[in-house]
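Here's the structure we're looking at; comments come further down.
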Amino acid sequence: MSYYQLFSNYERDVFFSYTEKNTYDQSDLRKGLVYPLDEKLYYSVDKFDPYLNEYDILPTIGGVLVSIKLKKLIEQLGSDCQFIPAVIKSTKSGESNETFFVMNVLNLVPCLDMEKSEYKPLLKSLPNGPIEVLSVKYVPNSLDGHHIVRMKEYKGYIIVDDVFIKACKVQKIKGVMFVKEGSTQRPEFVEM
């Protein structure tokens with residue numbers, strides 16, 4: 001079984017940003033913790049593109065935004081993810097879009113092969129602190145039956161397996177990209 005990093009690919013170079021209106025700390029969405037509040041989460045973007053709702057995953061600063069279609073696919077695969085309703089607001093027009101969900105990946109799995117991967121401390125002053133991954137190699141069979149997880153060694157990475165990719169192809173999920181093992185500086189992507 002091969003593993004891949006999940007990325008988004010949107011037509012315009014833009015990010016949907018987690019806003020200060022949220023009381024929940026966005027970094028907690030990377031920790032594999034259940035979102036404890038019964039509130040929506042807020043994002044902003046400069047303007048709404050006419051093709052926005054054609055996409056199933058959006059480029060974000062903060063938790064990943066997914067469509068109802070991708071949410072249902074992930075739930076059908078039986079993966080441990082929580083989906084929190086999101087409100088995206090245009091900073092130009094003030095319009096809102098409430099058709100997306102924040103995907104909170106709850107499985108934190110150690111899957112980075114620390115011996116075969118290349119990485120370095122993010123800060124030289126913290127050699128045992130956060131790392132910058134230069135080249136990725138995964139531990140075989142580390143996802144242990146899960147189809148989507150958050151990498152424990154580098155919580156910013158969401159890792160998926162072949163089953164997840166096949167399901168995305170069958171369902172024609174739009175906006176997803178999958179990075180193969182190897183260099184993070186010159187990534188190689190799966191053909192969709």
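Would you mind estimating how fast region 47-192 diffuses translationally, via Stokes-Einstein at 10 °C and 1.306 mPa s with the Kirkwood radius over Cα pairs, in µm²/s?
Working: Rh = 16.8 Å.
In µm²/s, the coefficient is 95.
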Springs between alpha-carbon pairs under 10 angstrom, Gaussian network model over the chain: which of Lys137, Lys72, Lys124 fluctuates most? Lys124
Could you identify which residue out of Ser125, Ser90, Ser67 has the top mean-square fluctuation in a GNM of the chain using Cα springs shorter than 10 Å? Ser125
What 222 nm value per residue comes from the helices of the chain, counting each DSSP H run with n ≥ 4 as -39,500 (n - 2.57) and dividing by all residues, nearest 500 deg cm²/dmol? -2500 deg cm²/dmol
Residue with peak Gaussian network fluctuation, the chain [Cα springs, cutoff 10 Å], from Gly78, Gly145, Gly129: Gly129
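Taking all protein chains in place and a 1.4 Å probe, what share, in percent, of the accessible surface of the chain do carbon and sulfur account for?
On the way: 5140 of 10560 Å².
Of all accessible area on the chain, carbon and sulfur atoms account for 49 percent.
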Lys/Arg +1, Asp/Glu -1 at C-beta; region 58-192 dipole; positive extreme among Tyr154, Asn107, Phe83: Phe83
Cα-centre dipole for the chain with unit charges at Cβ (Lys and Arg positive, Asp and Glu negative), debye to 20: 120
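Relative contact order for the chain using alpha-carbon pairs under 8 Å, separation at least 6, rounded to a whole percent? Could the numbers behind the result be given before it?
Details: 400 pairs, mean separation 50.6, N = 192.
Answer for the chain is 26 percent.
If you add up the charges near Met1, with Lys and Arg at +1 and Asp and Glu at -1, over every other residue whose beta carbon is less than 13 angstrom from its beta carbon, what do you get?
Numbers: positive: Lys166; negative: Asp144, Asp161, Asp162, Glu181.
With Lys, Arg at +1 and Asp, Glu at -1, the neighbours total -3.
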Where only protein heavy atoms count, and the probe is 1.4 Å, what is the accessible area per residue for the chain in Å²? 55
Compute, for Arg30, the solvent-accessible surface of its heavy atoms (probe 1.4 Å) with the complete set of protein chains present, and express it in square angstrom to the nearest 10. 130
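The values are calculated or read from the model by the stated rules, or taken from the named source; none is laboratory data. Quick caveat, the model's predicted, so the values are computed rather than measured. FYI the Cβ positions are ideal-geometry reconstructions off the backbone, even for glycines, and counts take in every protein chain you see. Ligands, DNA and RNA are excluded from the accessible area calculation, which covers all protein heavy atoms including side chains. Shrake-Rupley method; radii C 1.70, N 1.55, O 1.52, S 1.80 Å.
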